[in-house]
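The values are calculated or read from the model by the stated rules, or taken from the named source; none is laboratory data. Quick caveat: nothing in here was measured; it's all calculated off a predicted structure. Backbone-built Cβ (ideal geometry, glycine too); neighbour counts: all protein chains shown.
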Amino acid sequence: MRFVELASVSAAVARTSGRNAKIDLLADALRRLAPEELSPGASYLSGELRQRQTGVGYASLRELPPPAESPSLSITDVDEAFAAMARLAGKGSQAARRELVATLFGAATEAERHFLIGLLSGELRQGAQAGLLVDAVARASGVPIAQIRRALLLAGDLKTVAVDALTAGAEALEAYRLTVGRPLAPMLAQSAATATDALADTGTPAAADIKIDGVRIQVHRDGDRISVFSRSLDDLTARVPVVVEAVRGLDVSSVVLDGEAVGVDDTGRAVPFQETSSRAARRDGTAVLQPFFFDILHLDGVDLLDEPASVRWAALERAVPAPLRVERTMLDTPEEAERVFAAAVAAGHEGLVVKSAAAPYDVGRRGSAWVKVKPRHTLDLVVLAVEWGHGRRKGLLSNLHLGARDPETGGFVMLGKTFKGMTDEMLRWQTERLKALAVEESDWVVKVRPELVVEIAFDGVQTSPRYPGGVALRFARVLRYREDKRADEADTIDAVRAIHTGPSPSPS
Ligand SMILES: Nc1ncnc2c1ncn2[C@@H]1O[C@H](COP(=O)(O)OP(=O)(O)OP(=O)(O)O)[C@@H](O)[C@H]1O
């Protein structure tokens, strides 16, 4: 396929409304790609290329030669050019890169350029686009979507999955295995309003775990090699020496553990989340974050992902001593669930995670096998804009405009504003952070790139013609920033509407 066709598919997807129609366009393009074009084609259609992978500076994109009159580039030409740019390093590489950019763009027509710049600037890199492509790979290959998703989470990269699904089919994907040392997307939890509802969702037998208010960790150990990954699969190893030493002390040869790390003070008590989160961000290895493990995905050469939770929990107890595990209580009745929940809240914990004893580890899924219950309901929203403060807050960015995710459009729907709940330190921090995300400013309002996720408490959701989604939050206030979450993981407008129309499960 010629590159111009890929560019026109991308433009058509952007123009088309409706998720299904977009997926059709992408699936059709995937079917038309030759086997050797599948990997770059899938990667570019998902907008996956990053500016930093190629090292191309924005400045060099402003001084381009005139565009070509007619298209001549193939997908392979473009991919080879990007690969050559990425290989450049050291002295003289800047000039060589500029030359490669000039050659590539000189051979590209206006339409192709638009797509190339979108790729290089990251503008095409939207969660929505990548999400659509996952569906498109399923549609084009005929492999069920659930299997594509699982393969994606195990392989960690859509290109590989697309190539295997389209050239070798379901069987090739079935052979994907967990690899010790390579992180996989962690299993996530749904929410319920009460412990009784949570148990109704999981079914019995189940267990109630204390919900630890820290940061998610996934620890891989292969012999002496230990790596720790975050919820978003970033490598945290150098930042959490206490976790590394705790896992080194286990009597195992290889293991993959899932858990939560939390800051503790001198007396061993957990510190507030904001402190844990800032300790996790320190790069100097001085952070004291204590691990509490709640699951095990691999032990001494045996994969446990597909085993029921009861089998994994028994393996966890064998491999990890009690002080390093979360507190877990087996549950049979709603009364027990309510009692354990009340005790957890009274002891100052964030809540419970109720877990089905029969379920496998659902890589990357938010299903009914794990259901969290908290005494307070919150939403994770995205900061869309912010207003300069007045009076005591003069010079600080204060009133946040909050949005929920709209999965249909890939955009955000504004739900209201708040300047409540922030400490002085948070105000200073958000001012710096939001200044860096600013895109335009007028009349005290600074519009920002929608990247920062903030956890909001509220008293309810009301109908409001003033806001575009028709709903607004009552008494919204900031609890904390969620730097471990990306904007495409924020709560959706549907979750907010579900609270409005109730009585349905609450969000986060
Ligand atoms: N015992 C536990 N079992 C599972 N997850 C736990 C446990 N204790 C704390 N957690 C944390 O709770 C999270 C589960 O909630 P969820 O999957 O919805 O992620 P989240 O949106 O980050 O959650 P929240 O916003 O409620 O903290 C896990 O990612 C993990 O970090």
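Please pick out the residue among A7, A11 that is touching an Asp or Glu at 6+ places or on another chain (Cβ under 7 Å), among the aliphatic types (A, V, I, L, M) and at pLDDT 85 or above.
Values: A11 fails: touching an Asp or Glu at 6+ places or on another chain (Cβ under 7 Å).
After ruling out the rest, the residue left standing is A7.
Name the residue, out of E455, E441, E451, E483, that is of a type in the set (D, E, K, R) and more than 30 Å from R365 (Cβ to Cβ).
Just one listed residue meets the conditions, E441.
Could you look through segment 207-233, keep only residues that are within 15 Å of A344 (Cβ to Cβ) and in a strand (DSSP E or B), and pick out the one that is nearest to the ligand (Cβ to nearest atom)?
Per the stated criteria, the residue is D209.
Just to be sure I understand, how many residues within segment 295-321 are within 14 Å of the ligand (Cβ to nearest atom) and assigned to a helix (DSSP H, G or I)?
Final tally of qualifying residues: 4.
Return the residues of segment 72-83 that are assigned to a helix (DSSP H, G or I) and within 14 Å of F105 (Cβ to Cβ); say none if nothing qualifies.
D77, V78, A81, F82 - these are the residues of segment 72-83 that are assigned to a helix (DSSP H, G or I) and within 14 Å of F105 (Cβ to Cβ).
Can you name the residue in segment 462-488 that is within 16 Å of the ligand (Cβ to nearest atom) and closer than 12 Å to A404 by Cα and is also surrounded by the fewest Cβ atoms within 10 Å (Cβ to Cβ) among such residues?
D488
Residues in segment 243-263 that are away from the ligand (no atom under 16 Å from the Cβ) and farther than 11 Å from V219 by Cα: how many?
6
Can you tell me which residues in segment 327-349 are within 29 Å of V252 (Cβ to Cβ) and surrounded by fewer than 20 Cβ atoms within 10 Å (Cβ to Cβ)?
Within segment 327-349, E327, R328, T329, M330, H349 meet the criteria.
Quick check on A270: is it over 23 Å from M187 (Cα atoms), modelled with pLDDT of 70 or more and within 15 Å of the ligand (Cβ to nearest atom)?
Yes, satisfied.
For segment 312-339, which positions are aliphatic (A, V, I, L, M) and over 18 Å from V243 (Cα atoms)?
Within segment 312-339, A314, A315, M330, L331, A337 qualify.
Tell me which strands (runs of 3 or more DSSP E) are completely within segment 393-463 and hold 1 or more residues being at pLDDT 90 or above and aromatic (F, W, Y), or say none if there are none. Before you say what the answer is, go through the steps one by one.
Details: elements: 397-406, 411-418, 438-442, 445-448, 453-457, 460-463.
Here the list reads 411-418.
Taking only pairs six or more apart or across chains, which ones have beta-carbon atoms under 6 Å, a first residue in segment 81-100 that is aromatic (F, W, Y), and a second residue that is assigned to a helix (DSSP H, G or I) and at pLDDT below 90?
Pairs found: F82/T54.
Between residues in segment 129-149 that are on the phi > 0 side of the Ramachandran plot and residues that are surrounded by fewer than 19 Cβ atoms within 10 Å (Cβ to Cβ), which pairs lie under 8 Å by C-beta distance while being six or more apart or on different chains?
Close Cβ pairs satisfying both conditions: G142/G169.
What are the pairs, 6+ residues apart or on separate chains, where a residue within segment 367-384 that is without any contact (Cβ under 8 Å) to a residue 60 or more places away in the chain has its Cβ under 7 Å from a residue that is near the ligand (Cβ under 9 Å from one of its atoms)?
P375/G351
For (1) assigned by TED's automatic domain parsing to the domain that holds G142; (2) surrounded by 14 or more Cβ atoms within 10 Å (Cβ to Cβ); (3) not in a loop (DSSP other than H, G, I, E, B), each residue gets a yes or a no:
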residue	(1), (2), (3)
S8	yes, yes, yes
L26	yes, yes, yes
S43	yes, yes, yes
E48	yes, yes, no
L64	yes, yes, no
S70	yes, no, no
M85	yes, yes, yes
A89	yes, no, no
R97	yes, yes, yes
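With the requirement that a residue be under 21 Å from the mean Cα position of the chain (by Cα), more than 10 Å from the ligand (Cβ to nearest atom), in a strand (DSSP E or B) and among the hydroxyl-bearing types (S, T, Y), what does segment 334-389 give you?
S368
Please work out which residue is farthest from L257 (Cα to Cα), limiting yourself to segment 348-362 and to residues that are out of contact with any strand residue (DSSP E or B) (no Cβ under 7 Å at 6 or more places or on another chain) and touching a residue at least 12 places away in the same chain (Cβ under 8 Å).
Looking at the filtered set, the residue picked out is E350.
Considering segment 101-115 alone, what residues qualify as being buried (at least 22 other Cβ atoms within 10 Å of the Cβ) and either in contact (Cβ under 8 Å) with a residue 60 or more places away in the chain or farther than 13 Å from S60 by Cβ (or both)?
Those that are buried (at least 22 other Cβ atoms within 10 Å of the Cβ) and either in contact (Cβ under 8 Å) with a residue 60 or more places away in the chain or farther than 13 Å from S60 by Cβ (or both): A108, E112, F115.
Which condition from (1) of a type outside the set (G, A, S); (2) touching a residue at least 60 places away in the same chain (Cβ under 8 Å); (3) out of contact with any Ser or Thr (no Cβ under 9 Å at 6 or more places or on another chain) is the one that Q462 breaks?
Among (1) of a type outside the set (G, A, S); (2) touching a residue at least 60 places away in the same chain (Cβ under 8 Å); (3) out of contact with any Ser or Thr (no Cβ under 9 Å at 6 or more places or on another chain), Q462 violates only (2).
Would you mention how many residues in segment 183-200 are within 16 Å of the ligand (Cβ to nearest atom), part of a helix (DSSP H, G or I) and surrounded by fewer than 20 Cβ atoms within 10 Å (Cβ to Cβ)?
1
Taking helices (runs of 4 or more DSSP H) that fall entirely within segment 102-182, which contain at least 1 residues that are within 19 Å of L305 (Cβ to Cβ)? Full working, then the answer.
Details: elements: 110-121, 127-141, 145-155, 158-167, 170-174.
In segment 102-182, the matching helices (runs of 4 or more DSSP H) lie at 145-155, 158-167, 170-174.
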